[in-house]
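Student: My structure is below; once you've seen it, I'll send some questions.
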Amino acid sequence: MGVVESQDSVVAGGEAGTDEEGVLGRTYRALSIGIVSVVLLIAFEATAVGTAMPVAARELDGVSLYAFAFSSYFTTSLFGMVLAGQWADRRGPLGPLAGGIGAFAAGLVVSGTAQAMWLFILGRAVQGLGGGLVIVALYVVVGRAYPERLRPSIMAAFAAAWVVPSVVGPLASGAVTEHLGWRWVFLGIPVLVLLPMGLALPRMRRLAASPDPAAPADSALDRRRIRLALGISLGAGLLQYGAQDLRWISVLPAVAGAALLVPAVLRLLPRGTYRAARGLPSVVLLRGVAAGSFIAAESFVPLMLVTQRGLSPTLAGFSLAAGGATWALGSWVQARARMQPHRVRLMTGGMVLVAAAVATAPTVLFPAVPVWIVAVAWAFGCLGMGLVIASSSVMMLRLSAPEQAGANSAALQISDGLSNVVLLAAGGAAFAALGGGTVAHTATTATGTGTGSHPAAFAAVFLPMAVVALAGAWVATRVTEPARAGSDA
């Protein structure tokens, strides 16, 4: 694949901005504020759910399924991503964006009213479907509505939208969980999710609503890719189930899941992804390595601090709060014009920071290590993630032809979500095998006080993820195209 030449003077809807305009200029202001607001609300949900999850799992007697409560979101989001890519390329991004926001809100309601862990997980799955639709649709909007020179800035704005939720979200979620109950963490968000659409919709219709002229003339969705997406989601779900259920009979669903998953993934991701071929394949692989290792580790941080160090849900969630600011800082750094020639070095250094943070977090399993070490480590890890995630999005759009922006955005997000599912499954299996499913019984009060007895279960999650992140530093060195375009095809 060759590098796509910039088309800064023309946007999809036929309306061009001036050369001096930024993302908050007259042409882009309403659209930028609207789509960043969508990300802001999703960020509030993500930080709030992470804080409330230990209490919800304990109350629903589902700590043994703790990882599944996270990975079910990513499992269904895989299907939503492929569907959104097809939908947006052929009919424009408005449909998948609106449908995704609706499903996201519905999933929050289902989880917030659940009386059993399986129903809670079902709600997370519906929410994941919506999240998959939304994220790909937003990437297509960015690719069509903004010239290449503004894309690093809008990606940095997406990252900046996580700052306030990362600081306020854990405090608000912890306070609501302790005083009103964890259910209100889920039920308080759905109405707000609908508001940003009204602001962004008019400009989105002008700048990015129509299908790309280079898309296939037949507007029907590619049924083969949809079947492959279903295979990925079903396979990932079976694999996760087999990993969580520690019995020999569970080998059967795990093998069936892998048999569905592997062929579908090989057909939906760019050729050469799994051998880290230079260019787009390595960009897609790096996104998965970074997101999967980091999210799999982060999902267990609040539970570790609540059960092993006796922190309240509020303080456990707040230990991750500084990460929002440093993530935004990393994204801001990569957006500076003078940093563009150094993007590969930024991404490599970012992965080293992620690996160091993940390896440092479980040191708090030793009572002599102060708990604030986690906050410091995660701040540096999020700095690395800000450098890597925003840069990978920019590189993907740079290496994509306009008519392939939806499909390649979906591939990037599939790699992200699939890595989350697989690594959460692996981490959850190790966690359960070493007795992690019983750690919640050591925390008997609303504030989570108690003593933990399974530190090895947490170490078995964090240390392998640090190794995976370190491997990502090598993948980052291969994100530029080879000297002869197409040599790795």
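The values are calculated or read from the model by the stated rules, or taken from the named source; none is laboratory data. All values derive from a computational prediction rather than experimental measurement. Ideal geometry is used to build each Cβ from the backbone, glycine not excepted, and the neighbour counts take in all protein chains shown. Heads up: the accessible areas ignore ligands, DNA and RNA and are worked out on the full protein's heavy atoms, side chains in. Shrake-Rupley method; radii C 1.70, N 1.55, O 1.52, S 1.80 Å.
Student: Being part of a helix (DSSP H, G or I), β-branched (Val, Ile, Thr) and within 21 Å of Pro313 (Cβ to Cβ) narrows it down to one residue among Val142, Val176, Val136, Val126; which is it?
Tutor: Val176
Student: So Gly95 passes all but one of these: (1) more than 17 Å from the chain's Cα centre (by Cα); (2) assigned to a helix (DSSP H, G or I); (3) modelled with pLDDT of 85 or more. Which condition number does it fail?
Tutor: Of everything listed in (1) more than 17 Å from the chain's Cα centre (by Cα); (2) assigned to a helix (DSSP H, G or I); (3) modelled with pLDDT of 85 or more, Gly95 misses just condition (3).
Student: If you don't mind, another one. Could you please give the count of residues in the stretch 353-408 that are within 27 Å of Leu138 (Cβ to Cβ) and small (Gly, Ala, Ser)?
Tutor: The number of residues fulfilling the criteria is 14.
Student: How many residues are crowded, with 24+ Cβ neighbours inside 10 Å and touching a residue at least 60 places away in the same chain (Cβ under 8 Å) if we restrict to the stretch 88-99?
Tutor: Qualifying residue count for the region: 5.
Student: Let me ask something additional. Please enumerate the residues belonging to the stretch 57-78 that are open to solvent by 40 Å² or more (accessible area, probe 1.4 Å), of a type outside the set (A, V, I, L, M) and modelled with pLDDT under 80.
Tutor: Within the stretch 57-78, Ser64, Phe68 qualify.
Student: Oh, and also: Just wondering, is there one or more residues in the stretch 219-228 that are under 23 Å from Val388 (Cβ atoms), assigned to a helix (DSSP H, G or I) and either open to solvent by 10 Å² or more (accessible area, probe 1.4 Å) or of a type in the set (A, V, I, L, M, F, W, C) (or both)?
Tutor: No, because not a single residue in the stretch 219-228 is under 23 Å from Val388 (Cβ atoms), assigned to a helix (DSSP H, G or I) and either open to solvent by 10 Å² or more (accessible area, probe 1.4 Å) or of a type in the set (A, V, I, L, M, F, W, C) (or both).
Student: Identify, from the list Gly131, Gly169, Gly123, the residue that is under 19 Å from the mean Cα position of the chain (by Cα), surrounded by fewer than 24 Cβ atoms within 10 Å (Cβ to Cβ) and not charged (D, E, K, R).
Tutor: Every option except Gly123 fails the conditions.
Student: Between a residue in the stretch 336-347 that is touching a residue at least 12 places away in the same chain (Cβ under 8 Å) and any residue that is surrounded by 13 or more Cβ atoms within 10 Å (Cβ to Cβ) and outside any helix (DSSP H, G or I), which pairs come within a Cβ distance under 7 Å, given they are 6 or more apart or on different chains?
Tutor: From the stretch 336-347, the pairs are Val344/Val479; Val344/Thr480; Met347/Val479.
Student: Next question. Of the conditions (1) under 24 Å from Gly235 (Cα atoms); (2) crowded, with 24+ Cβ neighbours inside 10 Å, Pro54 satisfies every one except a single condition; which number is it?
Tutor: (1) is the only condition that Pro54 fails.
Student: Here is a follow-up. Sort out which residues of the stretch 277-307 are within 20 Å of Thr177 (Cβ to Cβ) and in contact with a Ser or Thr (Cβ under 8 Å, 6 or more places away or on another chain), and write them in order of number.
Tutor: Result: Val301, Pro302, Leu305, Val306, Thr307.
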